[in-house]
Amino acid sequence: MGVMERTASPVLLSVVVPLRDEAPNLQALHEEIAAVFRDVDEWEVVFVDDGSTDESPDVLRELAREDPRVRVVTLARNYGQSTALVAGAEAARGEWIGTLDADCQNDPRDLLVLWREAREGAADVVTGYRAHRADGWTRRASSWIANSVRNHMSGDRITDVGCSVRVFPRRALLEAVRFEGMHRFLPTLFRLSGYTVVERPVGHRTRHAGRSKYGIHNRLWRGIADLYVVRRLVRRQVRYDLRDG
């Protein structure tokens, strides 16, 4: 794994963006993030290249040369979104982590709102849910099924676990149990660690360019398989009461 370093400076928020083969979207996404956080001090964006085979590495190098707030983490191969997210958090310098997808379907303005709520004490973790999804029927249906099964098996109640717009303390992710697929269950994992979680509605847009990397196989069935890991963690929580007197 390579990290393109810049001069160290105090950072409050690190926007972590895992990606694979998103070259057509990266310039537009960076411009939008920079515009949204223009009046915010002490932030950075950490792009995590998860084994891209297109021109993404070239685009990221150019962005890092142009903007000192851009940092690039390059993984040796395609590991998956959970690993990319952990790698980004480990490389990040911010007290807070905000996450976005690289396909421009998330609105960075929502991330700023969620971060302000978290800093004002609404909860330790503020996670978004897509109030009006700009996806086709197949993706909406698979997400609805996965969310329903997930909530039933985990005992949690998260409206839209597939939404990538969320803000949380960096330490919360670094302390969480790590496994491939954990990105689908972050609110539940955070709650298991004692963090408070609230949900807020966020926007959702059609894809700017490129093609989705997810379908029924790797979104629905893998998500349901990962549920058994989380269900075991939930059942094996350490709980106790103190006896009076």
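The values are calculated or read from the model by the stated rules, or taken from the named source; none is laboratory data. Computed from a predicted structure; not experimentally measured. So basically every Cβ, Gly included, is an ideal-geometry build from the backbone, and we count neighbours across all protein chains shown. Calculation scope for accessible area: heavy atoms of the full protein, side chains included, ligands and nucleic acids excluded. Shrake-Rupley method; radii C 1.70, N 1.55, O 1.52, S 1.80 Å.
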Legend entry - Unmet requirement for Asp101, which otherwise passes all of (1) assigned to a helix (DSSP H, G or I); (2) closer than 26 Å to His132 by Cα; (3) open to solvent by 30 Å² or more (accessible area, probe 1.4 Å): (1)
Legend entry - Total residues in the stretch 187-203, condition at pLDDT below 90 and either under 22 Å from Asn78 (Cα atoms) or over 15 Å from the mean Cα position of the chain (by Cα) (or both): 3
Legend entry - Hits in the stretch 33-80 - residues which are open to solvent by 50 Å² or more (accessible area, probe 1.4 Å) and of a type in the set (Asp, Glu): Asp39, Asp41, Glu42, Glu55, Asp58, Glu62, Glu66
Inset, instruction - Name every residue in the stretch 16-29 that is crowded, with 20+ Cβ neighbours inside 10 Å and touching an Asp or Glu at 6+ places or on another chain (Cβ under 7 Å), in order of residue number. - result: Pro18, Leu19, Arg20, Glu22, Asn25
Inset, instruction - Could you give me the residue pairs with C-beta distances under 9 Å whose first residue belongs to the stretch 78-95 and is farther than 17 Å from Gly51 by Cβ, whose second residue is open to solvent by less than 20 Å² (accessible area, probe 1.4 Å) and charged (D, E, K, R) wherever it lies, and which are 6+ apart or on separate chains? - result: Ala92/Glu44; Ala92/Arg71; Arg93/Glu44; Arg93/Arg71; Gly94/Glu44
Inset, instruction - Being buried (at least 19 other Cβ atoms within 10 Å of the Cβ) and not hydrophobic (A, V, I, L, M, F, W, C) is the filter; apply it to the stretch 81-98 and report the residue that is nearest to Leu29 (Cα to Cα). - result: Gly98
Legend entry - Residue that is of a type in the set (Val, Ile, Thr) and more than 19 Å from Leu174 (Cα to Cα), where the choices are Val73, Val113, Val86: Val113
Legend entry - All positions within the stretch 88-98 that are out of contact with any Leu (no Cβ under 6 Å at 6 or more places or on another chain) and assigned to a helix (DSSP H, G or I): Gly88, Glu90, Ala91
Legend entry - Count of the stretch 104-142 residues which are among the small types (Gly, Ala, Ser), at pLDDT 85 or above and open to solvent by 30 Å² or more (accessible area, probe 1.4 Å): 2
Inset, instruction - Select from the stretch 41-53 the residues that are at pLDDT below 95 and touching a Leu at 6+ places or on another chain (Cβ under 7 Å) and list them in ascending order. - result: Glu42
Legend entry - Selected residue [in a loop (DSSP other than H, G, I, E, B) and either in contact (Cβ under 8 Å) with a residue 12 or more places away in the chain or within 12 Å of the chain's Cα centre (by Cα) (or both)] from Asp58, Asp54: Asp54
Inset, instruction - Within the stretch 161-183, identify whether any single residue is at pLDDT 85 or above, over 29 Å from Val72 (Cβ atoms) and either in a loop (DSSP other than H, G, I, E, B) or open to solvent by less than 30 Å² (accessible area, probe 1.4 Å) (or both), and answer yes or no. - result: no
